[in-house]
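Chemist: Mind looking over this structure? Questions follow.
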Amino acid sequence: MVHEMGHNVMNNAYDSWPPHDCPSPHYINRTSGHYCGWTEGWANVFAILTNDDPNYCWPPSGTSCVDLDSDSSYTNCEPSWDCFPDGYQVEGHVAGAIWDIYDSSKDLCENFSAGYDEIWQILEDDQPDDFLEWRAEWNSHGWSSSVSRPIYQNVAYDSDTSSCCVDCGLFSDGATEPGNVCNACDTSNSLNSWTENNGASCNDQLWCNGKDYCLHGWCQDHEYSSSDPRCPDNNSWCDGEDYCNEQADKCDQRDEPECEDDGLFCNGEEFCDEDRDRCSSTGDPCPSNTTCNEQEDNCEDNDDDDDTDDDDDDN
């Protein structure tokens with residue numbers, strides 16, 4: 001009954017009744033026509049606005065109902081609801097969009113509310129033939145562009161198959177998810193969800209794992225890994241541990257062995273012995289015919305120990 005009153009209200013508001021293209025029968029969740037989507041959508045939303053309840057019910061006694069606050073959302077696209085192409089030709093999508101424009105509750109990613117005045121003003125003053133004209137009139141008044149969110153949420157737009165409606169936004173084929181290039185609109189795969197953009201280049205802002213690629217919707221496939229590091233060990237003991245220095249964006253070494261002076265003169269200088277992977281000493285620093293004096297830290301000439309006196313023979 002209230003639905004039919006909605007038709008009468010539109011008839012009284014318009015100078016003449018909009019063109020008619022409704023098939024028989026027509027359904028709240030199926031494509032009908034761009035005039036029918038608007039006229040029937042208006043009658044449906046008039047009923048739920050009058051009752052202040054998004055549940056649209058059929059007699060007897062409301063035994064069969066549809067919730068136009070949630071059921072008309074893009075999350076119920078195919079097979080439950082027709083969405084693509086031309087979602088604005090589905091009367092339930094039109095009714096759901098206007099309800100979400102009216103109500104103040106947050107739905108999915110939509111929390112826009114305009115109240116009833118703007119909705120009625122367009123109907124009475126602008127008399128649109130379909131919902132696309134209704135939205136164009138909204139824009140011509142200079143009202144909030146946020147109205148697009150409940151419209152996209154309810155797929156009540158010219159939803160051709162060259163774009164995706166995701167997260168209450170409209171994205172052309174090939175466009176990537178805002179803030180995440182690893183998901184993209186791929187109309188050949190889905191018109192109402194992101195498609196994993198596997199293999200695409202991305203950047204996780206880390207140098208040590210090299211070039212980055214998308215995998216399973218995230219930037220998590222890398223040129224280098226723990227099993228194949230960017231800075232592998234060069235097997236030099238004296239260089240210490242080779243590692244990737246993320247702060248400096250370069251390969252670096254740490255924990256190099258410190259072969260400090262052991263305080264002994266006679267074993268020579270200390271050095272890093274790569275052949276033995278240890279610190280060693282060069283050995284006795286003194287040349288032949290000298291003796292290393294540790295106490296004096298010097299090399300001393302060897303004394304002549306021959307005490308034979310050739311001249312002390314007695315005659």
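Chemist: Under the condition of being touching a residue at least 40 places away in the same chain (Cβ under 8 Å) and outside any helix (DSSP H, G or I), which residue from the stretch 1-26 is surrounded by the fewest Cβ atoms within 10 Å (Cβ to Cβ)?
Modeler: Checking each candidate, the answer is Asp15.
Chemist: Just name the residue that is farthest from Cys164 (Cα to Cα) out of those in the stretch 201-227 that are open to solvent by less than 50 Å² (accessible area, probe 1.4 Å) and under 13 Å from the mean Cα position of the chain (by Cα). Working first, answer last.
Modeler: Pass one, the stretch 201-227, residues open to solvent by less than 50 Å² (accessible area, probe 1.4 Å): 202, 204, 208-210, 212, 214, 217, 219.
Subsequent filtering for residues that are under 13 Å from the mean Cα position of the chain (by Cα) retains 202, 204, 214, 217, 219.
Values: Cys202: 22, Asp204: 26, Cys214: 20, Gly217: 17, Cys219: 22 Å.
Once the filter is applied, the top-ranked residue is Asp204.
Chemist: From the list Pro128, Pro150, which one is open to solvent by less than 70 Å² (accessible area, probe 1.4 Å) and in a loop (DSSP other than H, G, I, E, B)?
Modeler: Numbers: Pro150 fails: in a loop (DSSP other than H, G, I, E, B).
Unique residue meeting the criteria: Pro128.
Chemist: So, one more: Check every one of the strands (runs of 3 or more DSSP E) wholly within the stretch 154-241 and list those with 1 or more residues that are under 30 Å from Ala136 (Cβ atoms). Steps first, answer last, please.
Modeler: Working: elements: 163-166, 169-172, 180-184, 212-215, 218-222.
Output list reads 163-166, 169-172, 180-184.
Chemist: Within the stretch 231-249, which residues are closer than 24 Å to Lys211 by Cα, open to solvent by 70 Å² or more (accessible area, probe 1.4 Å) and either aliphatic (A, V, I, L, M) or touching a residue at least 24 places away in the same chain (Cβ under 8 Å) (or both)?
Modeler: Once the filter is applied, which keeps residues that are closer than 24 Å to Lys211 by Cα, open to solvent by 70 Å² or more (accessible area, probe 1.4 Å) and either aliphatic (A, V, I, L, M) or touching a residue at least 24 places away in the same chain (Cβ under 8 Å) (or both), the stretch 231-249 yields only Asp249.
Chemist: Return a yes/no flag: does the stretch 131-142 have any residue that is surrounded by 17 or more Cβ atoms within 10 Å (Cβ to Cβ) and of a type in the set (Ser, Thr, Tyr).
Modeler: no
Chemist: Under 9 Å between Cβ atoms, at least 6 apart or on separate chains: pull out the pairs that start in the stretch 203-226 with a residue that is more than 21 Å from Cys251 (Cα to Cα) and end on any residue that is of a type in the set (Phe, Trp, Tyr) and outside any strand (DSSP E or B).
Modeler: Sorted first by the residue in the stretch 203-226, then by its partner, the pairs are Gly217/Trp194.
Chemist: Say we look at the stretch 86-113 and pick out the residues that are outside any helix (DSSP H, G or I) and under 24 Å from Asn8 (Cα atoms); which of these is least open to solvent (accessible area, probe 1.4 Å)? Full working, then the answer.
Modeler: Step one: of the stretch 86-113, the residues outside any helix (DSSP H, G or I) are 86, 90, 103-113.
Narrowing the set further to residues that are under 24 Å from Asn8 (Cα atoms) leaves 90, 103.
Working: Val90: 0, Asp103: 16 Å².
Ranking the candidates gives Val90 first.
Chemist: To continue, here is another question. Note down all Cβ pairs under 7 Å where the first residue falls in the stretch 72-93 and is without any contact (Cβ under 8 Å) to a residue 60 or more places away in the chain, the second is among the charged types (D, E, K, R), and they're at least six residues apart or on different chains.
Modeler: Asp82/Arg30
Chemist: How about the stretch 30-85: which of its residues are of a type in the set (A, V, I, L, M, F, W, C), closer than 16 Å to Ile98 by Cα and either assigned to a strand (DSSP E or B) or open to solvent by 60 Å² or more (accessible area, probe 1.4 Å) (or both)? Please lay out each step first, then the result.
Modeler: Taking the stretch 30-85 as the starting set, the residues that turn out to be of a type in the set (A, V, I, L, M, F, W, C) are 36, 38, 42-43, 45-49, 57-58, 65-66, 68, 77, 81, 83-84.
Filter again for closer than 16 Å to Ile98 by Cα, leaving 36, 38, 42-43, 45-49, 66, 68.
Correct list: Val66 only.
Chemist: Still on this structure, please answer the following. Test of understanding: among Ser104, Ser172, which residue is touching a Ser or Thr at 6+ places or on another chain (Cβ under 8 Å) and within 28 Å of Cys202 (Cβ to Cβ)? If you could, list the steps in order and put the result at the bottom.
Modeler: Working: Ser104 fails: within 28 Å of Cys202 (Cβ to Cβ).
After applying the criteria, what remains is Ser172.
The values are calculated or read from the model by the stated rules, or taken from the named source; none is laboratory data. Remember, it's a predicted structure, so these values are computed and weren't measured experimentally. Don't worry about glycine lacking a Cβ; one is built from the backbone with ideal geometry, like all the others, and counts go over all protein chains shown. Surface areas here come from the heavy atoms of the whole protein model, side chains and all, with no ligands, DNA or RNA. Shrake-Rupley method; radii C 1.70, N 1.55, O 1.52, S 1.80 Å.
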